[in-house]
1. For 57, 65, which order do you get if you count the other beta carbons within 10 Å of each Cβ and list the fewest first?
2. Assuming R0 = 22 Å, what is the FRET efficiency of residue 88 and residue 62, from their Cβ-Cβ distance, to the nearest 0.05?
3. I need the shape label for the range 46-107. Rule: rounded when a/c is under 1.5, else prolate if a/b > b/c, else oblate, with a, b, c from the alpha carbon gyration tensor.
4. At 0.36 nm per residue, and after removing the present C-alpha to C-alpha distance, how many nm does the segment from residue 30 to residue 81 gain when stretched out fully?
Amino acid sequence: MGMQNTLVSMISGSVVRTTHLTGMFTDLGTDLSLAMIQRWKLTLRIKRSILLRAVIVSFFLLGGVMGTFLFLWYQFDEFLLPILLLIIALFYDYFRFYIIRLVRRYK
């Protein structure tokens, strides 16, 4: 979880931390209560915040359900898929920063 949290934090610029859903639900509840107080006349920032947190919570729960069924069908081979996805994301992020550094160096 720590590696996944670090990866998401780096990619999002420390805007999102996904390890604990309790914080996500708290922040989502805070944003929704603010939206209700403002009678759903939301700023773009609040709309994006609500959408982002709702998507994170939904995919976290969906991943748990999918992981359960995939484990029942494929046993421990199922763990190769998230490992592969994390390795791809790691290389993508590394090469993205490498290209950014090259562009900045030659400007």
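1. 65, 57
2. 0.65
3. Here the range 46-107 falls in the oblate category.
4. Roughly 14.9 nm would be gained on extension.
Read-outs throughout are calculated quantities, based only on the coordinates presented, and are distinct from any laboratory measurement. Every value quoted in this text rests on a predicted model; they were computed, and no experiment measured them. Quick reminder, even Gly has a Cβ in these numbers, built from the backbone with ideal geometry, and neighbours come from all protein chains shown.
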